[in-house]
1. Working only within region 343-364, note down all residues that are at pLDDT 85 or above and either among the β-branched types (Val, Ile, Thr) or farther than 26 Å from Val68 by Cα (or both).
2. Quick one: would you say Gly144 is within 17 Å of Val68 (Cα to Cα), buried (at least 19 other Cβ atoms within 10 Å of the Cβ) and not aliphatic (A, V, I, L, M)?
3. How about region 193-270: which helices (runs of 4 or more DSSP H) wholly inside it have at least 2 residues that are of a type in the set (A, V, I, L, M) and farther than 24 Å from Asn33 by Cβ?
4. Just to be sure I understand, how many residues within region 312-341 are surrounded by fewer than 23 Cβ atoms within 10 Å (Cβ to Cβ) and outside any helix (DSSP H, G or I)?
5. Considering only residues of region 113-153 that are modelled with pLDDT of 90 or more and charged (D, E, K, R), which is farthest from Ser91 (Cα to Cα)?
6. Checking the structure you have, find out if any residue of region 45-63 is of a type in the set (S, T, N, Q), within 18 Å of Ile239 (Cα to Cα) and in a helix (DSSP H, G or I).
7. Kindly indicate whether Val161 is closer than 18 Å to Ser200 by Cα and among the β-branched types (Val, Ile, Thr).
8. Does region 289-300 include one or more residues that are more than 30 Å from Leu75 (Cβ to Cβ), in a helix (DSSP H, G or I), assigned by TED's automatic domain parsing to the domain that holds Glu228 and touching a residue at least 24 places away in the same chain (Cβ under 8 Å)?
Amino acid sequence: MQLITSLTRKKISPEQLFMLSVLVVNGGNYIYNLVLGRWLGPAQFADAAILITFLLVLSFLAMTFQLVTAKYSVLLENSQLPSFLKRILKSSLFVGLIAGLAIMLLSGQLQDLFHTTSKNMFIIFGIAVPFYFLMSVNRGFLQGKNDFKGLAITYQSEMLVRLGLTLLLLYFLKIDPILIVSIGILVSLLFGLFPFKMSSLLQLKSATIDTVLSKQIKRFFLVTLFYELTQIIINNSDILLVKHYFEDTEAGLYASLALIGRVVYFMAWMFVMLLLPKVITLQKDGKETQTLLFKYVGYISLLCLFIIAGTALFPELVVEILFGQAYLEIAPLLWKYAIATSLFAIANIFSYYFLSLGKYKPVIISGIMGLAQIFLIMFYHQDLEQVVLVQIIAMTILMVMQIVYFMIGKNS
């Protein structure tokens, strides 16, 4: 946060500040995962990876609330905005409580399903869930209002507390390290709630939201929810299925592969965060939006090429530097997994562009390919390489279909 303050004094733009902050946050999250991988070893890291994957799953569910809040924080006038924010906060808290309670009640079954050493890790994680959903609504408001400084602070607070607290507790406490990981997640989400910028608006008198607008909000929410569900499937089903089908050591190796290979996706996410409110604003003003799309697709494509080249030329070096010699077995798969993730990242930019414009057919395309990926892995999991190859096939088809849809819409 001191970095944010000093850079702000040098008058860099809020967008540049946010992009730099995302790089710092992604770097911190990578350090967090890398330290866990080295500290715990492949077998125990597989358990930690389940919690991290659950957090990613929840992040995509909570992202529905964030995107809906971001869109209507742009579109609604001040008289209707307080009413909308109160509704979305209550809804997010309700969903968070239900989801958290479900995880806690099913903790024993989750332990059996994923072969973890403890069910208490899921109980602590379940307590954290409602705070995550509230945090997402707050972030959506900051995103919609282009408050990139506040948005950067909430992401950095969450990352720094999770990293620092987890490492401190691992060093000083001699208890199950997986419980420590879950405690770190819980406390970090509490800190991620700040800065909370909606307080003044929530105190204002709420205006009635008319029936037509209410239906539009519900429709966008449901479509976004479905799309985020496809993101869960595509981005996390492989780790969960590998944990189910393979031994702990292989599952831990695959978790490290996924963590390295997905760097391009997490880097691409900062462009998605900037793209959504810009496209909505341009459309609201009746301006052209395709140039902005091409700009961001170009950035992501260059980033993908750089990462694929690095993982293809120096796979063993990358794995050894990040995770150590215990994980070298997955080095030959690194560039292949990076290809799968790159294809998904590019397709995802198109998907969020269409979603911003209110075009929902690409959401169905993503859903179909997400299910296809699950079935492919279920039928083809002879080894880890086969799991990666079927993902490349699924993501290639997804990206081609998104581009074809864009070209048809452009020419019609």
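The values are calculated or read from the model by the stated rules, or taken from the named source; none is laboratory data. None of these values were measured; they are calculated from a predicted model. We place every Cβ from the backbone using ideal geometry, glycine too, and count neighbours over all the protein chains shown.
1. Ile346, Ile349
2. Numbers: within 17 Å of Val68 (Cα to Cα): yes; buried (at least 19 other Cβ atoms within 10 Å of the Cβ): yes; not aliphatic (A, V, I, L, M): yes.
For Gly144, the condition - within 17 Å of Val68 (Cα to Cα), buried (at least 19 other Cβ atoms within 10 Å of the Cβ) and not aliphatic (A, V, I, L, M) - is met.
3. On the way: elements: 199-202, 211-245, 248-261.
Correct list: 199-202, 211-245.
4. Looking only at that region, the number is 2.
5. Lys119
6. From region 45-63, those of a type in the set (S, T, N, Q) are 53, 59; that's our starting set.
Next, from what is left, pick out any that are within 18 Å of Ile239 (Cα to Cα): 53, 59.
Those still in the list that are in a helix (DSSP H, G or I) too: 53, 59.
Yes, region 45-63 contains at least one residue that is of a type in the set (S, T, N, Q), within 18 Å of Ile239 (Cα to Cα) and in a helix (DSSP H, G or I).
7. no
8. The answer is no, given that none of the residues of region 289-300 is more than 30 Å from Leu75 (Cβ to Cβ), in a helix (DSSP H, G or I), assigned by TED's automatic domain parsing to the domain that holds Glu228 and touching a residue at least 24 places away in the same chain (Cβ under 8 Å).
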